[in-house]
């Protein structure tokens with residue numbers, strides 16, 4: 001059951017999954033609608049991959065497949081915008097596992113871009129963030145996804161599983177460093193509110 005308020009929580013996060021934000025399943029609709037609570041209460045909210053797409057949809061954006069049928073499965077380049085650069089040094093390569101991207105609506109601030117799917121990270125109203133990529137993925141998770149999702153490596157633009165694991169060795173440290181600083185920034189409003197209480 002989703003909480004009716006986040007008064008007893010520092011914030012909320014919605015992670016990824018194999019489903020689409022466009023699916024008609026009740027739980028997708030309920031979670032997308034529920035995002036109104038952290039937004040209304042100005043609690044830190046973080047959407048990762050599917051969670052970012054749900055945040056976009058909640059705000060009136062669209063979630064669609066790439067025009068050329070491309071996917072991002074593996075490591076792909078990331079570039080911060082001027083606004084994003086104020087959040088520190090972003091990693092140059094980040095891990096993805098998705099076939100759809102999202103559009104941004106009024107009030108959304110683009111923080112990072114990519115070559116295949118332009119919208120990679122955004123902020124809304126100061127405390128809500130959406131990330132198209134997966135900074136939370138561990139090597140064990142990556143190995144599991146590469147085994148259970150191996151049939152997706154034939155999709156246009158996807159990288160083979162061996163490239164995922166070799167990429168993790170090269171790129172994981174910068175991603176971890178960025179994630180640590182980002183999470184501190186993301187949760188800062190909650191920490192400030194707790195200190196003032």
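Readers should treat all values here as calculations from the given coordinates under stated rules, not as data from a laboratory. Just so we're clear, the structure is a prediction, and the values are computed from it rather than from any experiment. We place every Cβ from the backbone using ideal geometry, glycine too, and count neighbours over all the protein chains shown.
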Quick one: the Cα spread of segment 67-189 along its three principal axes, in angstroms, biggest first? 40, 32, 20
What fraction of the Cα pairs in segment 13-118, stated in percent, has a spacing above 22 angstrom? 32
For the pair residue 125 and residue 8, what calculated FRET efficiency results from E = 1/(1 + (r/R0)^6), where r is the Cβ-Cβ distance and R0 = 22 Å, to the nearest 0.05? 0.55
So if I take the centroid of the Cα atoms in segment 114-148 and the same for segment 1-47, what is the distance between those two points in Å? 16
Only bridges whose two residues both fall in the chain count here: according to DSSP, what percent of them are antiparallel, nearest 5? 75
Starting from 0.36 nm per residue, how many nanometres of slack lie between residue 152 and residue 27 once their C-alpha separation is accounted for? 42.5 nm
What number, in percent, do you get for the relative contact order of segment 76-192 if the mean sequence gap of Cα pairs under 8 Å and at least 6 apart is divided by its residue count? 25
Would you work out the relative contact order for the chain, in percent, from Cα pairs under 8 angstrom that are 6 or more residues apart? 23
Any chance you could run the full-extension gain for residue 85 through residue 109? It's 0.36 nm times the residue separation minus the Cα-Cα distance, nm to one decimal. 7.4 nm
Rounded to the nearest 0.05, what FRET efficiency do residue 139 and residue 116 have when you use their Cβ-Cβ distance and R0 = 22 Å? 0.40
